[in-house]
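Below: one structure, written as structure tokens.
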Amino acid sequence: MIFFDAALDWLAHGLVAASWWQIVLYTLVTTHITIASVTIYLHRHQAHRAMDLHALPAHFFRFWLWLGTGQVTKEWVSIHRKHHAKCETAEDPHSPQAHGIKTVFWKGAELYRAESKNMETMVKYGHGTPSDWIERNLYTRYSWQGVGLMLILNLALFGAAGLAVWAVQMAWIPVTAAGIINGIGHYWGYRNFEAPDASTNISPWGIMIGGEELHNNHHTYPTSAKFSVKPYEFDIGWVYIRAMEKVGLATVKKVPPKLLLGSIQPVADEKTLEALIAHRYEVMAGYARELRRAGKSEIEALKARKADASVLQAANRWLHRDDDKVPAAARSQLAQARAEHPVLDKMVTMREELRQMWLTTSASREQLASDLQAWCHRAEESGIAALRDFSLKLRAARI
């Protein structure tokens, strides 16, 4: 009878007799450690080599991922590297553009498991991942036993409530990483940069998913250890990395490049060309701001005349986008807006000409520098203030 009563008490309260809010706090803390382990260790350190980690935090993250996810480092890294190499194609393991948003959001973990069985992916993209004794004989060989140990720990601490805690812990990465980042992060959100894929920033405050919310920034600068690029963006993973760096537990290898501005050169030269190509995403983001500003100015002018501004309002969100990123439904409105607004049409045309500077592979360096000089001359003689000012800033750019 005493044993039965003790068992009932353990099921009801566990060993620590935690209150409901303490159990919730424990769940949030442990899942956040899991997120930090994924973004810092698996993603920034292992997959992209954007930073180096001291053996102490590196092994802690490996151990925690074994407990909290049963994740095999080589599998995660291989699949993620393939995602970048084959982004938005049929070979992308988890692209909503290829598989559909519903499939990636609800079945992202299944897509991951299917790809993890592709040995060609493991061999081609899994280089440089841990292969030491403990990886071979514990973390990889007995990957599911870690999550089993976590279940036992939760049950011991909280009794029957520990099962619910464990369920949340096990669902955290499939929902946030496989569903939200791999799904919504390539389907909905805002874009700072016109990266060649469909990546988006889900939120400017990367807290719940460790900074991974800034997915467009990451796809633009994949080898950067820092995901935030705008003053209003926050990457909590970067906060942890900087803290570890200060105590000698991490070394950052790369962050997003920053365009430097010097004195305005008489003409755009080869140094200007180098700066343009090296900082093309930042340069084009600046051009996009000018295009949006010009579009808003035209809209305000239409409204002041009490004219219909609906077509331009609908088209304005697409003026700064690459042609292949403009949906078919918006193309007619965009064409009409350009036909009715010569200033915007000129800016869109010259945007594409500027973009060809780094897409052209047949032209020599000297020819490209000459083309850039001609572009700047046309911009400054166009009579469009936004183009003139942008060209002057471009002529001040340096590596």
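A few notes on this one:
- Listed by first and then second residue, the pairs linking a residue in the stretch 317-329 that is free of Cβ contacts under 8 Å to residues at least 24 places away in the same chain to a residue that is in a helix (DSSP H, G or I) and surrounded by 11 or more Cβ atoms within 10 Å (Cβ to Cβ), with Cβ atoms under 7 Å apart and 6 or more places separating them unless they lie on different chains, are TRP318/ALA330; TRP318/LEU334; VAL326/LEU334.
- Tabulated pairs, the stretch 293-305, first more than 10 Å from LEU344 (Cβ to Cβ), second open to solvent by less than 50 Å² (accessible area, probe 1.4 Å), C-beta under 6 angstrom, 6+ apart or interchain: ILE299/ALA309; ILE299/LEU312; LEU302/ALA309; LYS303/ALA309
- Criterion: part of a loop (DSSP other than H, G, I, E, B) and among the hydrophobic types (A, V, I, L, M, F, W, C) - qualifying residue of ILE277, ILE299, ILE241, ILE264: ILE264
- ARG49 under 21 Å from GLY206 (Cα atoms), at pLDDT 95 or above and outside any helix (DSSP H, G or I): yes
- Of the residues GLY248, GLY211, GLY179, the single one that is assigned to a loop (DSSP other than H, G, I, E, B) and touching a Gly at 6+ places or on another chain (Cβ under 9 Å) is GLY211.
- Restricting the first member to the stretch 87-104 and to residues that are within 19 Å of LYS117 (Cα to Cα), and the second to residues that are buried (at least 18 other Cβ atoms within 10 Å of the Cβ) and among the acidic types (Asp, Glu), the beta-carbon pairs closer than 7 Å and six or more apart or on different chains are PRO93/GLU115.
- Put simply, of TYR221, TYR125 the only residue that is open to solvent by less than 40 Å² (accessible area, probe 1.4 Å), of a type in the set (Phe, Trp, Tyr) and under 21 Å from LYS74 (Cα atoms) is TYR125.
- Candidate set: the stretch 224-259, residues that are within 17 Å of LEU53 (Cα to Cα) and among the basic types (Lys, Arg); chosen: the one least open to solvent (accessible area, probe 1.4 Å): LYS226
- Among the residues making up the stretch 377-389, those that are over 16 Å from GLY295 (Cα atoms), crowded, with 16+ Cβ neighbours inside 10 Å and either among the aromatic types (Phe, Trp, Tyr) or in contact (Cβ under 8 Å) with a residue 24 or more places away in the chain (or both) are ALA379, SER382.
- Residues satisfying the criterion are present in the stretch 323-340 (criterion: under 32 Å from the mean Cα position of the chain (by Cα), under 21 Å from GLY189 (Cα atoms), surrounded by 14 or more Cβ atoms within 10 Å (Cβ to Cβ) and not aliphatic (A, V, I, L, M)).
- Some residue of the stretch 20-32 being in contact (Cβ under 8 Å) with a residue 24 or more places away in the chain, surrounded by 15 or more Cβ atoms within 10 Å (Cβ to Cβ) and not in a helix (DSSP H, G or I): no
- Residue match in the stretch 190-211 (condition: open to solvent by 30 Å² or more (accessible area, probe 1.4 Å), aromatic (Phe, Trp, Tyr) and under 17 Å from HIS83 (Cβ atoms)): no
- Within the stretch 378-399, one or more residues are among the β-branched types (Val, Ile, Thr), in a loop (DSSP other than H, G, I, E, B) and within 31 Å of the chain's Cα centre (by Cα).
- Residues in the stretch 63-86 that are assigned to a helix (DSSP H, G or I), over 20 Å from the mean Cα position of the chain (by Cα) and of a type in the set (A, V, I, L, M): LEU65, LEU67.
Yes or no, residue by residue, for (1) of a type in the set (Val, Ile, Thr); (2) modelled with pLDDT under 95; (3) out of contact with any strand residue (DSSP E or B) (no Cβ under 7 Å at 6 or more places or on another chain):
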residue: LYS74; (1), (2), (3): no, no, yes
residue: VAL77; (1), (2), (3): yes, no, yes
residue: PRO93; (1), (2), (3): no, yes, yes
residue: PHE105; (1), (2), (3): no, yes, yes
residue: ALA109; (1), (2), (3): no, yes, yes
residue: MET122; (1), (2), (3): no, no, yes
residue: GLY126; (1), (2), (3): no, no, yes
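- Restricting the first member to the stretch 132-153 and to residues that are in contact (Cβ under 8 Å) with a residue 60 or more places away in the chain and acidic (Asp, Glu), and the second to residues that are surrounded by 13 or more Cβ atoms within 10 Å (Cβ to Cβ) and not in a helix (DSSP H, G or I), the beta-carbon pairs closer than 9 Å and six or more apart or on different chains are GLU135/VAL72; GLU135/THR129.
- Boolean, THR223 is touching a helix residue (DSSP H, G or I) at 6+ places or on another chain (Cβ under 6 Å), of a type in the set (S, T, N, Q) and closer than 23 Å to CYS87 by Cα: no
- Filter result (at pLDDT 95 or above and either basic (Lys, Arg) or more than 18 Å from the chain's Cα centre (by Cα) (or both)) within the stretch 253-282: LYS253, LYS254
- Of everything listed in (1) within 23 Å of GLY148 (Cβ to Cβ); (2) surrounded by fewer than 16 Cβ atoms within 10 Å (Cβ to Cβ); (3) in contact (Cβ under 8 Å) with a residue 24 or more places away in the chain, the single unmet condition for TRP76 is (2).
The values are calculated or read from the model by the stated rules, or taken from the named source; none is laboratory data. Here the structure is a predicted model, which is why all the values come from computation and not from measurement. Here Cβ is always computed from backbone atoms with ideal geometry, including for glycine, and neighbour counts include all displayed protein chains. When the accessible area is computed, the model is the full protein with side chains, heavy atoms only, and any ligands, DNA or RNA have been set aside. Shrake-Rupley method; radii C 1.70, N 1.55, O 1.52, S 1.80 Å.
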